[in-house]
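The block underneath contains the structure these notes are about, expressed in structure tokens.
The values are calculated or read from the model by the stated rules, or taken from the named source; none is laboratory data. Because the structure is predicted, anything quoted here is derived from the model rather than measured. With ideal geometry, Cβ positions are generated from the backbone for all residues, glycine too; neighbour counts draw on all protein chains shown. Heavy atoms of the whole protein, side chains included, go into the accessibility calculation; ligands, DNA and RNA do not. Shrake-Rupley method; radii C 1.70, N 1.55, O 1.52, S 1.80 Å.
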Amino acid sequence: MKRSEIDHIIDRALEFSTNRGFVFPHFAYYTAEDWQKLNKNSQEIIDNMLGWDVTDFGEGNFSRRGLVSFTFRNGNYEHPDLYPKPYCEKLFVIEDGQELPYHFHRKKMEDIINRGGGTLEITVYKAEADEKLDKQKPVTYVS
């Protein structure tokens, strides 16, 4: 994806989210140049990969399989003494018709809240010890 396309996607996500009352931290507005200038005072942002992420999951078709997300908070398995949070706080902006590939976390709690309207469909499966998808075992969840 070109930088101009990524910037446009982030701008649309910011507009959509702020129109719904989300307040973003200062680093949500960093330019590519701002990210290059980060120093030790911003170590938590760097270590925990906070900020925007725009991906087409390597498929080259963002409108079909794409995601823009903003990570507000995140733990860190590499440095649990510094960042012990067992959860992540993210905002996902998913367009009509987009889908996300399956993924999982070995250790992480997630709250998934739909605040943008529309219908959010989530399919939940377990993972085997070898990390392969297991569509047979029942999953228990609380809604």
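Annotations for the structure displayed:
- Taken over segment 121-136, the residue count meeting the criterion of being touching a residue at least 12 places away in the same chain (Cβ under 8 Å), open to solvent by 80 Å² or more (accessible area, probe 1.4 Å) and part of a loop (DSSP other than H, G, I, E, B) is 1.
- Filtering segment 100-130 to residues that are modelled with pLDDT of 85 or more and among the acidic types (Asp, Glu) leaves 128, 130.
- Looking across segment 37-61 at every residue that is within 19 Å of residue 90 (Cα to Cα) and either touching a residue at least 40 places away in the same chain (Cβ under 8 Å) or part of a loop (DSSP other than H, G, I, E, B) (or both), the one that is most open to solvent (accessible area, probe 1.4 Å) is identified as 49.
- Test: residue in segment 28-36 that is touching a His at 6+ places or on another chain (Cβ under 7 Å), open to solvent by less than 60 Å² (accessible area, probe 1.4 Å) and of a type in the set (Asp, Glu): no
- Filter result (surrounded by fewer than 15 Cβ atoms within 10 Å (Cβ to Cβ) and assigned to a strand (DSSP E or B)) within segment 62-81: 73
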